[in-house]
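J.: This structure is in structure tokens; I'll ask about it shortly.
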Amino acid sequence: MAKIMKKLDKLLTKILIFSLILFLFSLFFPKNRRNAPKFIESALLNPKYKNEVAQIDIQIPSQNGSVTLKKQGDFWQLVKNAGEEKTEITTFADKKLVASLIEKACEIRKLYQISDKESDFDQLKTSENTARTVTFTGNDNKMYTKLHFGSTNPLTNRTFVRSQGSKITFETENDLSHFLNSDTNYWSEGEILSGIISKGSNPVEIRFEEKSAKSSLNEKSPDFTTKSASLLSLRHGSIKDEEDFLSAMQSQNPRPSAVLTVQDGSGRSARIEFFEIEEKGQSESEKSYFYKKSIKPSPADSQENAFAFYSENAVYEISAWTYGKIKSLF
């Protein structure tokens, strides 16, 4: 009987040890980790090209046309192509937003391989006809990478992506979705005086002319610094092309309302012409305002900067409040 008890104790001890080992194994190597999909760590855009990117093309099937962000001198130029029947809109892009996109694309990230079959492209929305496509190009027109972003996996909240010429579709963190946008208003520089003040310079003279009155400020004015800072902070609304604006001029008869001229210490100057449209609604008349901008480069500006200025052809909408704020400064 004693021998049987000893054997039973040994058996129970072995079971206990085995159970403990099994518990520790499950603790340190959980099932979901053992079955987790394999991944590689890489960047969507090779980090060595971070400072070499000169052009970014973004095409979104669900949005109208495509947008091109192009390095032009000290600026990033925004060109919106809305199709053959529409003229291109050219304006200034938000430099910080463009830099943020490049930075994010160069980050080392986890890429989980989902498929290596071309037949899965349509299902994952990574085909050329269905994907949201972003292309990074250098100064020499060398394509660094062309990325096709597909749908988002609802279970992981990760986005499908593949590079041009590859059959492999990966899944990666959904942290680039807000950049997958070909809307002009999203990418444009928001400030009314964007591009006007040269780097390291300040406004030295600002003039506002209405039909009935003229008023100007210069750097010798006691409140010039405060008022010029307030003016520099004002932002425009939506962007229109010249075709739409000319059409509005024919149907709604916009009236020139004022001209704002700004000059900085380097010799760069700008002329902003405001137009007023009175729209008669059901209850009361409401005025809306638009402006066109032309910038004259300084002698120190490069040819690339001058080209960016002369290429700008956008028409900008501003609110009645913003127009009133500009008037109040004078």
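J.: For an R0 of 45 angstrom, estimate the FRET efficiency from the Cβ-Cβ distance between K110 and S230 and round to the nearest 0.05.
T.: 0.45
J.: If you take every residue apart from D140 with its C-beta less than 15 Å away from the C-beta of D140, what net charge results, scoring Lys and Arg +1 and Asp and Glu -1?
T.: Numbers: positive: K48, K70, K71, K142; negative: E52.
Value of the local net charge: +3.
J.: A further question follows. What pairs from K96/K211; K70/K296; K117/K240; K48/K227 go past 32 Å between their alpha carbons?
T.: K96/K211; K117/K240; K48/K227
J.: Separation between the K142 and S319 pseudo-spin-labels, each 7 Å from Cα along Cα→Cβ, expressed in nm?
T.: Calculated label separation equals 4.7 nm.
J.: Now for a separate question. As an exercise, use a Förster radius of 51 Å and the Cβ-Cβ distance of E304 and S42 to find the FRET efficiency, rounded to the nearest 0.05.
T.: Here the calculated transfer efficiency is 0.95.
J.: Same structure, new question: Enumerate by residue number the GluC sites (Glu not before Pro) in segment 257-330 meeting two conditions: DSSP loop (anything except H, G, I, E, B), and at most 10 other Cβ atoms within 10 Å of the site's Cβ.
T.: E284
J.: Above 21 Å lies some portion of the pair distances; for segment 39-186, what is it as a whole percent of all C-alpha pairs? List each step's numbers first, then the result.
T.: Numbers: 4700 of 10878 pairs.
That fraction is 43 percent.
J.: Report the Rg/Rh value for segment 118-236, based on alpha-carbon coordinates and the Kirkwood definition of Rh.
T.: My calculation puts Rg/Rh at 1.26.
J.: When only Cα pairs under 8 Å and 6 or more residues apart are kept, what is the percent relative contact order across segment 39-186?
T.: This gives 27 percent for segment 39-186.
J.: Here is a further query. Using the Karplus curve 6.51 cos²θ - 1.76 cosθ + 1.60 with θ = phi - 60°, work out ³J(HN,Hα) for each residue of segment 224-233 in order, rounded to whole Hz, and write x for Gly and Pro.
T.: Those phi angles translate into 5, 4, 5, 5, 5, 5, 5, 5, 5, 8 Hz.
J.: Test of understanding: what is the full-extension gain from S62 to D122, defined as 0.36 nm times their sequence separation minus their Cα-Cα distance?
T.: Value of the extension gain: 20.1 nm.
No lab work stands behind these numbers, since they all come straight from the coordinates. Bear in mind that the values here come from a model prediction, so they are computed numbers and not experimental data. As a convention, Cβ positions derive from the backbone with ideal geometry for all residues, glycine included, and neighbour counts pool all protein chains shown.
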